[in-house]
Amino acid sequence: MAELWALTGRHLRTSARSRAARVALTLFLLGLGLAALMGRDGPSASLLLVAALFVLVLVVSGFAIGAGTVLPDDRVAGREAWLATLAPPGWKRRLSVVLAGWLLATSVGALGGALVGTVAALTRPDLALRGWSPVTVPGARLLGGADPVVVLLPDGAAEHRELEIDVRPLLSGEGRIDRVDVLWTTAEASGSFAASVRGPLRFRPPEGAQAVNLASLTPGVRLRIVGARRLGPARSPVPTLAWIGLLLGLCAGAVAPVAVLLSRATTGQTAAAGAFCLLLLGSVKEGMSSLAARLEPTGFEAVVPRVLDVFAFLTPDAPLLDLLVEATAQRAPPLGALGMALPALAYTLLLAVLACVPAPARLAREASG
Amino acid sequence: MVSATGLVKTYGRGKDAVAAVRGIDLQLATGSCLGLLGPNGSGKSTTIKLTLGTLRPTGGRIETFGGPAGRRSARARTGYVPEEARRFGALTGRETVDLFARLQGVRGRAERRQRVEEALELVGLRPEARRQRLATYSRGMARRLAMAAAWVHQPDLLVLDEPTSGLDPLGTDEMLALLDVHRRRGGATLLSTHDRVTAEVACDEALVLVRGRVGAAGPLDTLLAGDDSPSLLPLMRSTAQAEGLDG
């Protein structure tokens, strides 16, 4: 382990002192400073928040993807041959590059998130990131269908019983409809509210209700329910955004081992470009999978879902967009959101193991090491 | 400590094959220093890489510390000074030597710190230079640093590729003094050089390589007997002529 940490430390130092890292961090800090100076009269807190997090994603991804340039640079500069004369075997040298890329991505993600949170706390008191917990929608998830939608409510304090429901409008032939009137009923009371058809639907059911039925009062509008939650109290932005940053880092860090794996056989630029493409595809992986499932598996078009399936198999599960959407909606992901990053972690581990496997020509030499 | 028999290394295959080393035998005992002399392209660097285990021989056999060259236990007991040493540009001098100490198994922070400072002191690297990044080092400073990095874990075998190339007379003197300290500790040294002073002061025996073969071998005093030239050129030339390979 001491050798692995020593090598990892070298990569961390080298990356942190690189010109690219200095430029990226300077731009990030300048952007934050600019956003702080804009004050409350500037763009909305949500817009600034998502812009800051988007830049953070770029920085964090850059650190993870940059892992793909280390081994080729070492080869070209002769460091690889020099390091090969030292005691640590080749797999430790490669694993250290993976580890450094991943550590940089996750730590910069968490620290950058905390920094965004600190700036937000100091300059934008209107920013309210609310905690949430999921609620169950056991039956039909179609608002405007034959049956009402049932939402089961967990127990909670009265002031934290606001429901938020994400909907996706389904196409209809009734022309453009932007608003929907929704009827809610519980065992004791009923009421209605109006909302955008693109959601989210927000309303506060009466105290003591265990379940709410929802139905559309606007003819021709059909909304698919894609998510439902109970909103909690506002959270401090510093730990909340540090948590979001950490999750972003964990997801983006998944490409560090891919980059290293690619860099064993290609140049640094090719490895970095390959890792970048995989990260892009990984951020829309769920969309790719659902698109593949919806396409007709007949004729020439049958190839497309298979290709999408292959890409979905190869790419890391990196729901970066989902996390950005969470922040835009001013929601604080709960601890359970770590589950979003678990597939990325598993992917990281698997690819890190693959990066350690010696190349066939070197098997004999490294086996003796 | 190092033993090679019929060592052959060929790069490439078929028509493009280039034989860099053609049947070299060498023996290096504890506490001795063997010099590899010869012009560029004679196979010195390839022989060094075969000794370190970073290249595998095409034919013959090479062993270090009683086993195949390049295995982990052998690497941990070897220190290597490459010809070009300015390679960890982002690290400072002290960080570089500390990294090598950690990778070569020097445990304990206090022990490591002491060894690092000792090694840097021995190669004559000034305290302010130790805090500078390697990217700012001159070739001579980088060579001293590489020597400190190779020496810091007090290896049993030192392998040096042109150790005094790029060094001023003071640096050469300090490098040779360090090799003497290493020898008095019982360590063995394998070095390649073009420099007569380095060869005469450091080496007990030498192999004069000519196009991958051993042209001449033996104690350096014998090889240089009657040669008053300040360089190794007459020795190399006469060896090449004797082998019928001149020009």
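Contour minus end-to-end for B:GLU128 and B:ARG72, with contour as 0.36 nm per residue of separation and end-to-end as the Cα-Cα distance? Mind dumping the intermediate values first?
Values: separation 56, 0.36 × 56 = 20.16 nm, distance 3.45 nm.
Net length gain for the segment: 16.7 nm.
As a test of the definition: with a 1.4 Å probe, what buried accessible area, both sides summed, do you compute for B against A, in Å² to the nearest 100? The partial results should precede the final answer.
Details: alone 11930 and 18620 Å², together 27960 Å².
Summing both sides, the interface buries roughly 2600 Å².
For segment A:183-229 and segment B:151-225, compute the distance between their C-alpha centroids and round to whole Å.
86
Enumerate the whole-percent occupancy of each 10 Å bin, from 0 to the last occupied one, for all C-alpha pair distances of segment B:84-154.
Percent of Cα pairs in each bin: 25, 58, 17, 0.
Express in nm, to one decimal, how much length is gained between A:GLU207 and A:SER46 on full extension, taking 0.36 nm for each residue of separation and deducting their alpha carbon distance. Please list the in-between numbers first.
Working: separation 161, 0.36 × 161 = 57.96 nm, distance 3.02 nm.
That pair, A:GLU207 and A:SER46, stretches by 54.9 nm at full extension.
Return one number: the angle in degrees, 0 to 90 and rounded to the nearest 10, between the long axis of the Cα atoms of helix B:169-184 and the longest principal axis of the Cα atoms of chain B.
90
Give the long-range amide H neighbours of B:GLY60: residues separated by 5 or more places, or on another chain, with amide H under 5 Å away, using H modelled in the peptide plane at 1.01 Å from N.
B:VAL8
Name the most mobile residue of B:ARG185, B:ARG13, B:ARG196, meaning the one with the largest mean-square fluctuation, in a Gaussian network model of chain B with Cα contacts below 10 Å.
Looking only at B:ARG185, B:ARG13, B:ARG196, the largest GNM fluctuation is found for B:ARG13.
Can you tell me what the convex hull of the Cα atoms of segment A:1-156 projects to on average, as an area in nm²? Don't skip to the end; give the middle numbers.
Working: hull surface 62.3 nm².
Quarter of the Cα hull surface area: 15.6 nm².
So, R0 is 30 Å and r is the distance between the beta-carbons of B:ARG56 and A:THR267; what FRET efficiency does that work out to, to 0.05?
On the way: r = 25 Å, r/R0 = 0.84.
Plugging the Cβ-Cβ distance into 1/(1 + (r/R0)^6) gives 0.75.
With all protein chains present, calculate the accessible area of A:PHE54 using a 1.4 Å probe and round the result to the nearest 10 Å².
110
So, with a 1.4 angstrom probe, what is the percent of accessible area on segment B:1-139 that is carbon and sulfur?
Numbers: 2960 of 6360 Å².
After summing per-atom areas, the C and S share lands at 47 percent.
Rounded to the nearest 0.05, what FRET efficiency do A:ARG75 and A:SER290 give with R0 = 45 Å and r taken as the Cβ-Cβ distance? Could you check?
Values: r = 41 Å, r/R0 = 0.91.
So, using R0 = 45 Å, E works out to roughly 0.65.
Per the helix-only calculation at 222 nm, which mean residue ellipticity applies to chain A, given -39500 (n - 2.57) for every DSSP H run of n ≥ 4 and division by its residues, nearest 500 deg cm²/dmol?
Working: 14 runs with 200 residues, N = 369.
Taken over chain A, the calculation gives -17500 deg cm²/dmol.
Please identify, among B:SER165, B:SER42, B:SER138, the residue showing maximal mean-square fluctuation in a Gaussian network model of chain B using a 10 angstrom Cα cutoff.
The residue with the greatest mean-square fluctuation here is B:SER138.
Take every DSSP beta bridge whose two residues both sit in chain B, then give the antiparallel share in percent to the nearest 5.
Around 55 percent of the beta bridges assigned by DSSP in chain B are antiparallel ones.
In nm, give the distance between the simple-model label positions of B:ALA225 and A:LEU354, each being 7 Å from the Cα along the Cα-to-Cβ direction.
6.5
Which translational diffusion coefficient, to the nearest whole µm²/s, is obtained for chain A from the Stokes-Einstein equation, given a Kirkwood hydrodynamic radius over C-alpha pairs, 37 °C and 0.692 mPa s?
The Stokes-Einstein estimate is 142 µm²/s.
For a quick size check, give me the Cα extents of the protein assembly as shown along its three principal axes, largest first, whole Å.
115, 59, 36
B:GLU117 accessible area, nearest 10 Å², 1.4 Å probe?
50
A:ALA36 to A:ALA302: extension gain in nm, 0.36 nm per residue of separation minus the Cα-Cα distance? Intermediate values should be presented prior to the final figure.
Working: separation 266, 0.36 × 266 = 95.76 nm, distance 5.11 nm.
Between A:ALA36 and A:ALA302, full extension yields 90.7 nm more.
Check cross-link reach from B:LYS44 to the aspartates and glutamates: straight Cα distance under 19 Å, and skip same-chain residues fewer than eight apart.
B:LYS44 reaches B:ASP25, B:GLU63, B:GLU83, B:GLU84, B:ASP161, B:GLU162, B:ASP195, B:GLU200, B:ASP204, B:GLU205, B:GLU243, B:ASP246.
Leaving out ligands, DNA and RNA, what percent of the accessible area of segment A:1-157 is carbon and sulfur, probe 1.4 Å? Numbers along the way, then the final one.
Values: 4720 of 6780 Å².
Answer for segment A:1-157: carbon and sulfur cover 70 percent of the accessible area.
Rounded to the nearest 5, what is the percent of antiparallel bridges among the DSSP beta bridges in the protein assembly as shown?
On the way: 55 of 75 bridges.
If I count the DSSP bridges inside the protein assembly as shown, around 75 percent turn out antiparallel.
Taking the inverse of the average 1/r across all pairs of different Cα atoms in segment A:130-235, what Kirkwood radius in Å do you get? Before the final figure, lay out the partial values.
Details: mean 1/r = 0.0717 Å⁻¹.
Kirkwood radius, segment A:130-235: 14.0 Å.
Quick one: accessible area per residue over segment B:84-154, 1.4 Å probe, rounded to a whole number of Å²?
Working: 2930 Å² over 71 residues.
Accessible area per residue: 41 Å².
The values are calculated or read from the model by the stated rules, or taken from the named source; none is laboratory data. Everything numeric here is computed off the predicted structure, so don't read it as measured data. Using ideal geometry, Cβ is built from the backbone for each residue, glycine included, and neighbour counts are taken over all protein chains shown. Areas reflect the complete protein model, heavy atoms only, side chains present, ligands, DNA and RNA absent. Shrake-Rupley method; radii C 1.70, N 1.55, O 1.52, S 1.80 Å.
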